[in-house]
Amino acid sequence: MSASGPTEDPRDDLRVTPPKTVAAGVPAVAHAIEYSLAQAGPQRTLLTLLSLNQAEGIDCPGCAWPDPKHRHKNEYCENGAKHVNDEATTRRVTRAFFAEHPIAELDQKSDMWLNHQGRLTEPMVKRPGATHYEPIGWDEAFGIVADGLNALASPDEAMFYTSGRLNNEAAFLLQLFSRAYGTNNLPDCSNMCHESSGSGLGETLGIGKGSVSLDDIHESDLVFVVGQNPGTNHPRMLSALEETKRNGGKVIAINPLPEAGLFRFKNPQKARGVVGRGTEIADQFLKIRPGGDLALFQMLNRMLLEAEDAAPGTVLDHDYIAAHTTGFDDFAAHARTVTWEHVLTATGLTRAEIEEVHAQVLASRRIIVCWAMGLTQHKHGVPTIREIVSFLLLRGNLGRLGAGVCPVRGHSNVQGDRTMGIWERVPDRFLDALAAEFDFEPPRAHGYDSVAGVRAMRDGKATVFVGVAGNFVRAMSDSDVTEAALRSCSLTVQISTKLNRSHTVCGETALILPTLGRSDRDVQASGEQFVTVEDSMSEVHQSRGRLAPASPDLLSEVAIIGRLARRTLGPGGAIPWEDFEADYALVRDRIARVVPGFEDFNARVAVPGGFRLPNPVNSGVFPTPSGKAVFVVNQPDWIEPPAGHLVLQSLRSHDQWNTIPYAMNDRYRGIHDARRIVMVNPDDLADLGLADRDLVDLVSVWTDGSERRAEGFRVVAYPAARGSAASYYPETNVLVPLDSVAEISNTPTSKGVIVRLEPAGAAGAAVG
Ligand code: SF4
């Protein structure tokens, strides 16, 4: 099949209704219950929802938004309920299913169809030359992986990918196994999303994490929500912003699309959310061009400097700048050169809009900037984050209540996995601690990130791919190249809960190793286990499965990784894999000795709600080389499409979780029964000579002159920013070349794709 999409073609079923201007409310509850009951039935739905996000319950796999201190009985959103019950489904993928469906046939199915087949139930193998997966015992499966790894000329010919679903204990063991085996090839989904945040924050503040807590959000005078769609991707953030508003704070939303959750929120937990109009969220909305955020913050910084000139000693926090920062003079000199002409072109905003933001900034003592992939997945994503840090430093908006940086992460433990050492460039101090604790010398050379990993497989430098959780082939950019790279491997191994496209894109030998989900009860030799996760605000807490496992033949991720390690590394060594599998508390004891901030881990995580990892920035300590926060000079950068072209951003629909659509709808945006659509401003459509519902191909054009095509998209006239377009991920991943990445972070530039819209079939007609 074409990597760009499923064969089921819903184009002609497209139905469009007006986009919603209010998020959540009773309809959200109804949709959550309807989906949950259809997947998991009444009994399992009741069990999951009663324990979801409770102190001793299941941590929601939906996103990384933190739990409040005082929890309601129903502490979840529509999407959280859907995600956990999608995992708790009663549907099963059995050996009979695999006997009935050849892999080539499964490869023709859509992401949604594959997911809806249900939970995997036993290990399966595709042997060399086979057309089908067949059952295999765990022991033989581990032997195939061990033999495959041990046959490589170098450990660096293998890679161990993970997504943010993995819990802390399993993540710690995965990186330990990888390094004991001999490689730092530990790509993860963070490489594709918030790597620019980590790079930008690490360079300027010395730590690649957010600094704020929920209390900060509640107490802030002004919260910026930039490049982010909280109503779909982190819905309970709206409850926090509702609190901000009730406390008198303001919200400014900046995004190319006017998303429902940015405007009004009806909190279904509150009577006013059920019967009233709900809470207005954004006091001001800026419909910015994709990639214009760097220019906007550069102008806001120039305006702060000029306001200080006009009223010395009243705008900037000179004491903070002098005590805690370096680079101010160079930064300020450069900031004054930013021109209105450039900023208005780059942003598509008016001067009056930006002046209104500036006035609000001057009126606010405590400011937070939140962001997501609308900033990070651009070529200049890292400079944008650095500019935001400078914006906050100018007025001392770090380290005090109601102020700070807030990268909002999408996958539930993506931040925790990085803390546990899932990082191809982990610092030497982490490796030193690992060496001391486990008595081996870890490799020091940096490993492959996701983009470098695909290049390595494509070029024959890596031939064994082990994926723990996630759906690598659909998450990565350049779908055709990524698929070919995976198919060229001698061995692909996917440790998964449900069927996905990464199982149909096989190496010569392919294994599916089915694992327990977050919602499954996990019983080991020492008794029932819990695992831990770290959310977007560095809170570490328990997650405990409540349901009978989907099959008696499942193993936990901790068990699978430990057994793979034992089989690959052989007997002996100082790592007690069997003990770790028997009692996860023993893993946490070791984490406590290796990872800073986890001292006394078992005792502290036993407290309901867990504990918060320290962020030195909040104590005025910046672990940068200079020991201070850094103002960085960023050269102006924005996306300037040639005439007749638009800047496309890929995004998720409301009825979608990461790479997996749950339905063919995008309820908040009013798109129904279709996914191959492209949203474009009506005025741009008129300029391009196109009409609403025209059928087009998306053709991306790149600086090296190459073009890529995704065929058959229905145009939807939509109130997007002028000059922009939006379409769904992963169908549009095919448009982003592997080498189109953000500076420094290497994140694929999925939010800044220059495209032209060609009438569908024009390419074939021209050739023919
Ligand atoms: S906000 Fe995120 S973590 Fe919370 S219930 Fe919703 S999807 Fe789950």
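The values are calculated or read from the model by the stated rules, or taken from the named source; none is laboratory data. Source: prediction; values computed, not measured. We place every Cβ from the backbone using ideal geometry, glycine too, and count neighbours over all the protein chains shown. When the accessible area is computed, the model is the full protein with side chains, heavy atoms only, and any ligands, DNA or RNA have been set aside. Shrake-Rupley method; radii C 1.70, N 1.55, O 1.52, S 1.80 Å.
Just a few scattered comments:
- Excluding ligands, DNA and RNA, the accessible surface per residue across the chain is 33 Å² with a 1.4 Å probe.
- Virtual paramagnetic centre 7 Å along Cα→Cβ of Ala130, amide N under 14 Å, in segment 496-516: 504, 506-514
- Note on segment 256-319: the alpha carbon radius of gyration divided by the globular reference 2.2 N^0.38 Å gives 1.71.
- 5 Å-binned pair-distance histogram of segment 529-570 (Cα, whole percent): 5, 16, 17, 20, 17, 15, 8, 1
- Simple rule: put +1 on each Lys or Arg Cβ and -1 on each Asp or Glu Cβ in the chain, find the dipole, and look at Ser727, Val223, Leu554; the Cα lying farthest toward the positive end is Val223.
- Cα-only Debye scattering, segment 134-237: base-10 log of I(q)/I(0) at q = 0.23 Å⁻¹: -1.43
- Net +/- balance of residues flanking Thr204 in space, Cβ distance below 13 Å, scoring K and R +1, D and E -1: +1
- Working value for segment 140-188: equivalent-ellipsoid semi-axes of 20, 13, 9 Å, each the square root of 5 times a Cα gyration tensor eigenvalue, largest first.
- Bins of 5 Å, starting at 0 and running to the largest distance - Cα pair percent for segment 513-649: 2, 8, 12, 14, 14, 11, 8, 7, 8, 8, 5, 2, 1, 0
- Square roots of 5 times each gyration tensor eigenvalue, C-alpha, segment 196-239, largest first, Å: 22, 14, 9
- The peptide list 154-160, 489-495, put in order of mean Cβ contacts within 10 Å with the highest first, becomes 489-495, 154-160.
- Of every Cα-Cα pair in segment 189-333, the percent that sits beyond 20 Å: 61 percent
- Prolate/oblate/rounded call for segment 1-137, Cα gyration tensor, a/c under 1.5 rounded: oblate
- Cα pair distances exceeding 17 angstrom across segment 299-383, given as percent: 60 percent
- Convex hull volume of segment 435-556 per residue (C-alpha atoms, cubic angstrom): 174 Å³
- In percent, rounded to a whole number, the relative contact order of segment 232-359 is 25, using alpha-carbon pairs under 8 Å and six or more apart.
- Summing Cβ point charges (Lys, Arg +1; Asp, Glu -1) relative to the Cα centre of segment 208-278 gives a dipole of roughly 360 debye.
- This model, with +1 at the C-beta of Lys and Arg and -1 at the C-beta of Asp and Glu, gives segment 350-427 a dipole about its Cα centre of some 240 debye.
- Cβ-based net charge around Thr314, under 14 Å, with every Lys or Arg adding one and every Asp or Glu removing one: -3
- Here the Debye sum runs over all C-alpha atoms of segment 316-360 as equal scatterers in vacuum, and log10 of I(q)/I(0) at q = 0.15, 0.18, 0.27 Å⁻¹ comes out as -0.57, -0.74, -0.94.
- Just the protein heavy atoms count here, and of the accessible area of segment 628-754 at 1.4 Å, carbon and sulfur take up 50 percent.
- Antiparallel DSSP beta bridges within the chain, percent to nearest 5: 45 percent
- Added length on full extension, which subtracts the Cα-Cα distance from 0.36 nm per residue, Asp459 to Arg15: 155.5 nm
- Residue-averaged [θ]222 nm for the chain, counting only DSSP H segments that reach four residues, each worth -39500 (n - 2.57): -10000 deg cm²/dmol
- Fraction of accessible area attributable to carbon and sulfur, segment 480-544 (%, probe 1.4 Å): 45 percent
- Shown here are the Rg and Dmax of the Cα trace of segment 476-531, at 15.3, 46 Å.
- Of Ala282, Leu296, Ile385, farthest towards positive along the dipole that unit charges on Lys, Arg, Asp, Glu beta carbons give segment 240-387: Ala282
- The trypsin sites (Lys or Arg not before Pro) of segment 453-532 that DSSP puts in a loop, and whose beta carbon has at most 13 other beta carbons within 10 Å, are Arg521.
- Electrostatic dipole magnitude of the chain [Cβ: Lys, Arg +1; Asp, Glu -1; Cα centre; debye, to 20]: 1520 debye
- Placing a label point 7 Å from the Cα of Ala99 along the Cα-to-Cβ line, the residues of segment 122-154 whose backbone N sits under 12 Å from it are 134-135.
- Over the chain, relative contact order from alpha-carbon pairs under 8 Å, at least 6 apart, %: 22 percent
- Taking a ≥ b ≥ c as the square roots of the eigenvalues of the alpha carbon gyration tensor, segment 296-441 is prolate, as a/c is not under 1.5 and a/b beats b/c.
- Global geometry of segment 600-705, whether rounded, prolate or oblate, following the gyration tensor of its Cα atoms and the 1.5 cut on a/c: oblate
- Translational diffusion of the chain, µm² s⁻¹ [Kirkwood Rh, Cα pairs; Stokes-Einstein; 10 °C; 1.306 mPa s]: 60 µm²/s
- Derived scalar couplings between HN and Hα for segment 407-418 equal x, 9, 8, x, 9, 4, 10, 5, 6, x, 4, 5 Hz in order, rounded to whole Hz, by the Karplus curve 6.51 cos²θ - 1.76 cosθ + 1.60 (θ = phi - 60°), x for Gly and Pro.
- Remark: the Asp432-Arg521 segment gains 28.5 nm on full extension, using 0.36 nm per residue and subtracting the alpha carbon distance.
- Burial ranking of peptide ranges 210-221, 112-123 (average Cβ count within 10 Å, highest at the top): 210-221, 112-123
- Highest-first packing order for the peptide set 638-647, 299-308, 502-511 is 502-511, 299-308, 638-647, based on the mean count of other beta carbon atoms within 10 Å.
- The gain in end-to-end length when the Glu707 to Thr350 segment is fully stretched comes to 125.2 nm, 0.36 nm per residue minus the alpha carbon separation.
- Local charge for Arg71 was computed over the other residues whose Cβ lies under 12 Å away, with Lys and Arg +1 and Asp and Glu -1, and equals 0.
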